[in-house]
1. Using the reciprocal of the averaged 1/r over all distinct C-alpha pairs, how large is the Kirkwood radius of the range 77-129 in Å?
2. Any chance you could give the angle, 0 to 90 degrees and rounded to 10, that helix 267-280 forms with the longest Cα principal axis of the chain?
3. Quick check on the chain: of the DSSP beta bridges with both residues there, what percent are antiparallel, nearest 5%?
4. Given the convex hull of the Cα atoms of the range 207-308, what is a quarter of its surface area in nm²?
5. Using a Gaussian network model of the chain with C-alpha springs under 10 Å, which one of LEU335, LEU157, LEU81 is most mobile by mean-square fluctuation?
6. Tell me, what % of the accessible area of the range 260-351 is carbon and sulfur with a 1.4 angstrom probe?
7. Among ILE28, ILE307, GLY253, whose Cα sits farthest toward the positive end of the charge dipole of the chain (+1 at Cβ of Lys/Arg, -1 at Cβ of Asp/Glu, about the Cα centre)?
8. Could you estimate the translational diffusion coefficient of the range 67-188 from the Stokes-Einstein equation, with Rh from the Kirkwood formula over C-alpha pairs, at 20 °C and 1.002 mPa s, in whole µm²/s?
Amino acid sequence: MDLIVGGGVVGLSVAWRLARAGQAVTVIDPAPASGASHAAAGMLAPVSEVAYTEEPLLRLGLAALERWPAFAAELEADSGLSVDYRAHGTLDVAFGADDLAALEELAAFMDKLGLPVERLTGRECRRLEPMLSPSVRGGVLAGGDAWVDPRRVTAALLAALEAMAVPLVRRRATGLLDGAVRLADGEVLTGERVVLAAGAWSGELADVPVRPVKGQIMRLRSPYPLLGRCVRGMVHGSPVYLVPRGDGEVVVGATQEELGFDTRVTAGGLYELLRDARELVPGVTELELGDVVAGLRPCTPDNVPLIGPYRRGLALATGHHRGGVLLAPLTPALLEGEEPELAALCSPQRF
Ligand code: FAD
């Protein structure tokens with residue numbers, strides 16, 4: 001029996017894949033799907049989301065992106081729920097000469113990797129996305145990028161687990177023992193292996209180098225399709241993105257703040273998001289406000305997740321930082337020792 005501590009997109013994906021493979025699993029989480037996975041935009045964008053120096057992360061992201069179509073199809077079949085998987089690419093746009101130069105670097109890097117990329121003039125960008133600002137001077141279309149709705153993904157994972165009668169213990173873990181978990185009321189659940197997947201809170205349960213990085217993000221509602229694909233750009237020196245959903249929702253994200261376990265939504269955070277999003281797509285301010293949340297990304301010192309055996313009776317599946325949704329299909333495979341080269345990149349023994 002595997003005891004999975006944490007029911008975010010990572011823990012639930014691990015539980016679902018293990019259960020599907022015939023393994024006995026139990027998930028422990030007082031509030032499943034309420035952490036970073038509830039906040040996430042759901043971009044599956046391995047190249048534009050990482051710095052060029054982060055090669056391990058890029059290799060992980062590309063391998064995970066390849067797994068997404070089958071993962072989404074199987075999850076939808078098991079749960080009977082849609083995850084709103086879309087593969088229409090990301091349009092990165094530029095306003096000034098510096099931004100254009102940075103985009104050309106991105107395009108050249110993607111060329112080198114053999115990934116589909118198109119360089120576009122400002123006019124071509126607006127032909128693709130008519131709601132873009134007239135000030136956009138050029139762009140790069142990363143045609144291979146995709147996105148999902150993470151809230152639908154976790155709902156589908158929970159439904160698939162329920163259909164397989166996987167136990168979900170809605171209580172807080174307070175201690176990890178060798179192959180066992182102590183709960184807040186003192187009860188001890190015993191298994192063979194504990195998998196720690198408690199996201200930004202993982203460091204409260206084991207001595208692991210994971211810290212929270214706050215992100216504020218906003219959901220707007222549009223009565224008409226505002227955008228056909230994810231749109232990103234640098235505004236006032238910080239990145240902003242808009243992600244359209246099938247149901248008319250438009251996600252605007254996200255701040256990046258080192259404030260510990262602070263999950264307050266602030267006026268300043270919202271102001272920055274809306275101000276920057278309006279530079280990209282002026283029409284966003286006409287939309288109805290949906291919700292605004294702050295999530296805590298689980299971050300490691302090198303931004304690469306911690307996946308694999310840690311000590312006797314304990315394995316880790318945590319530290320996914322900005323890419324936990326993207327890496328959800330790959331994480332269970334790495335945990336089970338598939339793709340050893342990629343698994344080695346994520347070894348928890350590296351610190
Ligand atoms: P979480 O989703 O945080 O889940 C951890 C779970 O552990 C929670 O349900 C919590 O209740 C539980 N838990 C905590 N403590 C305990 C305990 N003591 N006992 C039992 N359970 C416990 N990633 C992408 O790939 N694409 C994106 O576009 C993207 N956008 C993002 C935007 C924002 C604003 C943020 C904040 C993150 C974004 N991310 C994105 C990152 C992504 O959300 C995370 O990497 C991912 O959600 C991490 O999943 P997780 O399951 O490890 O953690």
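1. 13.4
2. Roughly 50 degrees between the two axes.
3. Working: 50 of 67 bridges.
Given both bridge residues lie in the chain, the antiparallel proportion sits at roughly 75 percent.
4. For the Cα atoms of the range 207-308, the hull's average projected area reads 8.0 nm².
5. Judging by the Gaussian network model, the answer is LEU81.
6. 52
7. Comparing the listed Cα positions along the dipole, ILE28 ranks first.
8. Numbers: Rh = 18.2 Å.
Once the numbers are plugged in, D ends up at 118 µm²/s.
The values are calculated or read from the model by the stated rules, or taken from the named source; none is laboratory data. Remember, it's a predicted structure, so these values are computed and weren't measured experimentally. All Cβ positions, even for glycine, are placed from backbone atoms using ideal geometry, and neighbour counts span all protein chains on display. Note: areas computed on protein heavy atoms with side chains; ligands, DNA, RNA excluded. Shrake-Rupley method; radii C 1.70, N 1.55, O 1.52, S 1.80 Å.
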